[in-house]
Every structure is written in C-alpha cells, then in structure tokens.
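Worksheet: one structure, shown below.
The values are calculated or read from the model by the stated rules, or taken from the named source; none is laboratory data. Keep in mind that this is a model prediction, so the values were computed, not measured. So basically every Cβ, Gly included, is an ideal-geometry build from the backbone, and we count neighbours across all protein chains shown.
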Amino acid sequence: MSMAPFGNFAKKLIGRFSQKPASASKKTTPSKKPAPKPVKVVKSKPKPAKKIKPIVAKPAPKPVKKRAAPIKHVAVRKESLPETRAVRETKPPGGTDIQVVNIVVSTNLEHAIPLEKMAATLSNTEYNPEQFPGLVIRIKDPKTSALIFSSGNVVCTGARSMQKVEESIAKIIESLEKIGIKIKIKPKIHIQNMVASGSIGMDLNLNVLAMKLDNTEYEPEQFPGLVYKLMEAKATFLLFSNGKVVCTGTKSEEEVHNALRMLVENLKRIK
C-alpha cells in the first residue's frame, strides 16, 4: 500500500496546526476610549453698555411778565394846585383850627418808690427792670399813662389839658397809698412838650414847599408829610397836602397858636 495519500493528508494536517490563527497574529492592544470631543466655549458677546445721557441742567424758568394793571383815568379837578403854586386857601382868612391832643409833663414826688412792691400789688402796672428801669402805670380815667422811677420822678403823658394832668397825678398818689406810701407834698408839674393837631385851611403843594422853605425834610416814599422846623417859634410842624398840620415842641397853648400864626404867614409869602 502506498504512502502518498497518507503523506498528503499528514502534510495538510500538520500545515493546519502549524498556521497561526489570524487573531493570534494580530497583537492585542488595549482598547482606547475615544478622546472626548473638545467642548467649544462659546463666548457670549458682551452687551453694549447703555449710553448714559449727560445730565443737563434745566434752564431756569423764564420770569412770567405780569401784565400791568390798566391805568385808571382819574378826573382832575380844575381847581387843583398847579405845580408852581405852593398854597391855595380853602377857607376864609383866619380859618385855622387847632387843638391840643397830648401834654407831656414831669414831676417829682420827693419820696423813694418800691417799684417791685408796687408792681406786685397793683394790676394796672408793668415792670421789667431788665429792659427798662421805670414802672409803667396806666390810668383809665382820665385816660393817661405814666412812668414812675424808684427815685420818685414821674413822667405823665396822654392828657389833653392841664386839669387832666393834675387828676392823673392825684390818681398816682392814691395808688401809692395802697402800698403804704404817703406823699405829703403837692408835686410841681413841668410841661415838657405839647402836641396839637388841626387844619390851616389851605391845600399845600409839598414838593414846592420842600424846595422853597428852609429847614424842611420831605421823603414821600417813606412818609406822606413834610417836616418843617420853625426856628423862630421853637416848634416843629408836620404838613400834609390837604392842609392838616401837627405841631410839637411847644410848652403852652399860647405858644401853639403863635407858632401856627407864624407858619401861615411863612406859607403865604411863598409864590
């Protein structure tokens, strides 16, 4: 029996086992995990900054122009004073009228007065030594007021006649008796000033008088009257355009009437 077929079979068998398996021929390498995909960082676009409006100072409001009040047409009397005329008589010559409205007097009671006790006892008094050293006493009848000092000096004002002055001083002495002070003398009264008011029966152009009379003061924006110092009579007058006058500085009714007469004469001289 020949050995050829057997040999061929043996070669095939040996060759089959001698061949390396395909899987073995390949080197096994550890499985690598796929690298993570790089994450794309999406940068957000910055929001555009808000535009800040510059602060602009508002212009000051325009002043509102007030409409001027309509001008009223005032009827001017034909007999009204011309600018160049200082005086126009409205009453017959000698038609002046003046009366005493206040007399200021002083006296001394020749006795020390406890003002604090007087203020604590009498209700019609005012006393504040921090502001003024005198005590104020008000009398109802006659309606007058007086300043009383601790030395005994008294200044009384408000009376319209010397009779009312004497009555006021008597009332003050009665009030002092209530606090145990007796005045044994009759006080001597001295007139310090006499104020009178009235009319001289003339319309006055104060602008002209201020320029033509000496010793005058006239500021119509502050006071409507003209101040006229009559040196000859030692009196001072307040003159108003309607002819009203106030006289001060005199010390008797006779001096008041003399001063008024001299005033009228001076006014009539002015043209």
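Residue-wise test of (1) assigned by TED's automatic domain parsing to the domain that holds Ser199; (2) in a strand (DSSP E or B); (3) touching a residue at least 24 places away in the same chain (Cβ under 8 Å).
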{"residue": "Asp214", "(1), (2), (3)": "yes, no, no"}
{"residue": "Glu219", "(1), (2), (3)": "yes, no, no"}
{"residue": "Phe223", "(1), (2), (3)": "yes, no, no"}
{"residue": "Tyr228", "(1), (2), (3)": "yes, yes, yes"}
{"residue": "Asn242", "(1), (2), (3)": "yes, no, yes"}
{"residue": "Val246", "(1), (2), (3)": "yes, yes, yes"}
{"residue": "Gly249", "(1), (2), (3)": "yes, yes, yes"}
{"residue": "His257", "(1), (2), (3)": "yes, no, yes"}
{"residue": "Met262", "(1), (2), (3)": "yes, no, yes"}
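Listed conditions (1) part of a helix (DSSP H, G or I); (2) assigned by TED's automatic domain parsing to the domain that holds Ile139; (3) in contact with a Ser or Thr (Cβ under 9 Å, 6 or more places away or on another chain) are all met by Ile179, apart from (1). Go through the range 159-182 and count every residue that is farther than 16 Å from Ala119 by Cβ and in contact with a helix residue (DSSP H, G or I) (Cβ under 8 Å, 6 or more places away or on another chain). So the count comes out to 2.
Please go through the range 187-213 and give me each residue that is more than 22 Å from Arg160 (Cβ to Cβ) and among the basic types (Lys, Arg), ordered by number. Matches in the range 187-213: Lys212 only. For Ser197, state whether it is among the small types (Gly, Ala, Ser) and at pLDDT 95 or above. Yes, satisfied. Annotation: Lys234 fulfils all but one of (1) surrounded by 15 or more Cβ atoms within 10 Å (Cβ to Cβ); (2) under 28 Å from Gln163 (Cα atoms); the unmet one is (1). One residue stands out in the range 96-121 among those that are closer than 21 Å to Lys184 by Cβ and small (Gly, Ala, Ser): the one that is surrounded by the most Cβ atoms within 10 Å (Cβ to Cβ), namely Ser106. If you go through the range 231-241 and keep only what is at pLDDT 95 or above and not hydroxyl-bearing (Ser, Thr, Tyr), you end up with Ala235, Phe237, Leu238, Leu239, Phe240.
Residues that are outside the structural domain of Glu253 (by TED's automatic domain parsing) and either touching a helix residue (DSSP H, G or I) at 6+ places or on another chain (Cβ under 9 Å) or at pLDDT 95 or above (or both): does the range 74-81 have at least one? Within the range 74-81 (the criterion being outside the structural domain of Glu253 (by TED's automatic domain parsing) and either touching a helix residue (DSSP H, G or I) at 6+ places or on another chain (Cβ under 9 Å) or at pLDDT 95 or above (or both)), the answer is yes, since at least one residue qualifies.
Within the range 188-212, the only residue that satisfies the criterion of being in contact with a Gly (Cβ under 9 Å, 6 or more places away or on another chain), part of a loop (DSSP other than H, G, I, E, B) and surrounded by 18 or more Cβ atoms within 10 Å (Cβ to Cβ) is Ile200.
The set of residues in the range 122-135 that are surrounded by 14 or more Cβ atoms within 10 Å (Cβ to Cβ) and either among the hydrophobic types (A, V, I, L, M, F, W, C) or outside any strand (DSSP E or B) (or both) comprises Leu122, Gly134, Leu135. When Arg160, Arg138 are checked against the criterion of being basic (Lys, Arg), closer than 19 Å to Val246 by Cβ and either surrounded by 12 or more Cβ atoms within 10 Å (Cβ to Cβ) or assigned by TED's automatic domain parsing to the domain that holds Leu260 (or both), a single residue qualifies: Arg160.
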